[in-house]
Every structure is written in C-alpha cells, then in structure tokens.
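Novice: Okay, here's the structure, questions in a sec.
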Ligand SMILES: [Zn+2]
C-alpha cells in the first residue's frame, strides 16, 4: 500500500459521506463548524447561536466521540464503511505509482500525473 490509513479514511469519508450514519454525519458537521469557529473572537456568542439553531448539539457526549482525535474518528468511520459497504466503495489507486487518486472517478494521478483514460 502506498498510501496511509489517514489518507484512505479522508478519501472514504469525503467521497462516501452519504453512507455514514446520521450521528457520524452530525459529528463531522459539528467538528467542521467548531473548526471554523476556533479562531474567532466572538466564538462564545457564535457557539450559543449555533447551539440554539441545532448546528451544534451542545451535548458533551457527541463531542466525546472525537476524544481520540479527528483522525481516529474518521479512521473508525472509514473502517465501518468498508466493512458494511465494501462493495460500493471504489478505492481508486493509480496503476503506475500505487497511490490514492483524488476521487473515485479520477483517471489521472495527482502524485505522478500518470493518465489512465
Ligand atoms: Zn500515480
């Protein structure tokens, strides 16, 4: 394998997010929102607005799933997706360098620029 576990997890979560469970989707959405808020001076005020509008649940247990870190969380998601939906997931590997393509349908490698059209 010429790609890392985290590269694969990122690829699967990005391109097959529709296969995630509702709570996994919520956690990812909340994580992305909390990142966007991270360096804003009015973070506290924004969080209370988001919480009220249900963008963030405000429930500590939801965020607890991120305790092992974002990388661990998406690695776990991708393992679960591969075991449940392995047949639907295309892991698009460059035939020349063996690295992961940008998307499941890509026909050109972003690493070595090999073209398999
Ligand atoms: Zn390549």
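What follows is calculated from the coordinates using simple rules that are stated; it is not laboratory data. The shown structure was predicted, so the numbers you read here are calculated from the model rather than taken from an experiment. Cβ: placed from backbone, ideal geometry, glycine included. Neighbour counts: every protein chain shown.
Novice: Comparing 12, 75, 91, which has the greatest mean-square fluctuation in the GNM of the chain with Cα pairs linked when under 10 Å apart?
Specialist: 91
Novice: Something else about it: Against the longest alpha carbon principal axis of the chain, how many degrees, from 0 to 90 and to the nearest 10, is the axis of helix 43-52 turned?
Specialist: The angle comes out near 90 degrees.
Novice: In nm², what is the average projected area of the convex hull enclosing the Cα atoms of the chain? Could you put the intermediate results ahead of the total?
Specialist: Details: hull surface 35.6 nm².
Taking the Cα atoms of the chain, their convex hull projects to 8.9 nm² on average.
Novice: Further question: Quick check: residue separation of residue 113 and residue 2 times 0.36 nm, minus the Cα distance between them. What number comes out in nm?
Specialist: Working: separation 111, 0.36 × 111 = 39.96 nm, distance 1.53 nm.
Taking 0.36 nm per residue and subtracting the Cα distance, the gain is 38.4 nm.
Novice: While we're here: Roughly how tilted is helix 70-85, in degrees to the nearest 10 and between 0 and 90, from the longest Cα axis of the chain?
Specialist: Taking the Cα atoms of the chain, the angle to 70-85 is about 60 degrees.
Novice: Cα axis of helix 22-37 to longest principal axis of the chain: angle in degrees, 0 to 90, nearest 10?
Specialist: So the helix axis and the longest Cα principal axis differ by about 70 degrees.
Novice: Here is a further query. Which distance in nm do the two modelled labels at residue 87 and residue 42 give, with both placed 7 Å along the Cα-to-Cβ direction?
Specialist: 5.1
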